[in-house]
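To keep things clear, I will list the structure first and then write my remarks on it.
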Amino acid sequence: MRTFDLAPLYRSTVGFDRLFAMLDGVDAAPGYPPYNIERTGENDYRITVAVAGFGESELSIEAKENTLTVKGEKQVKQDNSAEVLYQGIAARAFERQFQLADYVQVKGASLENGLLHVELVREIPEAKKPRQITIGNGKAQPKVVDAKAA
């Protein structure tokens, strides 16, 4: 695999630090654990992470700014009653980060059948939503304000 040195570009650009950090962090291998990102509605999304073997107490989900972090740390159990001849089930710790768009909030999470489902919703504030502007003929209609003194 070829690696590219982006250091010369750092000297000649301003404000692209995040872009270069993302390029430096690109990994050719897909990571562990595998995940799906689904769109369940117009403004609803779901991230499903395969976390077989992890319990609710061994998983943590943190949303900070525009980053969602899912961590899993397996608690070591010492079981001397059985000898493991082959260990194919991964019990390694992991940390998976997802970049969220603006106004995307975590609605909830659930763990079922070894899959962690994180529900997301995009809630755009009313001030940021597009609004329709009526076109007038240039002549403003005067408004009459009726104010009577008591």
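Since every read-out is calculated from the coordinates, none of them should be taken as a lab result. Please read these numbers as outputs of a predicted model, since none were measured by experiment. In this analysis, Cβ positions are derived from the backbone assuming ideal geometry, glycine residues included, and neighbour counts consider all displayed protein chains.
Here is how the numbers come out for the structure above:
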item: Derived scalar couplings ³J(HN,Hα) [region 100-106; Karplus, 6.51 cos²θ - 1.76 cosθ + 1.60; whole Hz; x for Gly, Pro]; result: 9, 6, 4, 6, 8, 10, 7
item: Whole-number D in µm²/s for region 28-127 (Stokes-Einstein; Kirkwood sum over Cα pairs; 20 °C, 1.002 mPa s); result: 140 µm²/s
item: Coil-residue chymotrypsin sites (Phe, Trp or Tyr not before Pro) of region 45-119, DSSP, other Cβ within 10 Å capped at 11; result: TYR86
item: For region 45-121, with +1 on Lys and Arg beta carbons and -1 on Asp and Glu, the positive-most of SER110, GLY53, LEU120 along the dipole; result: LEU120
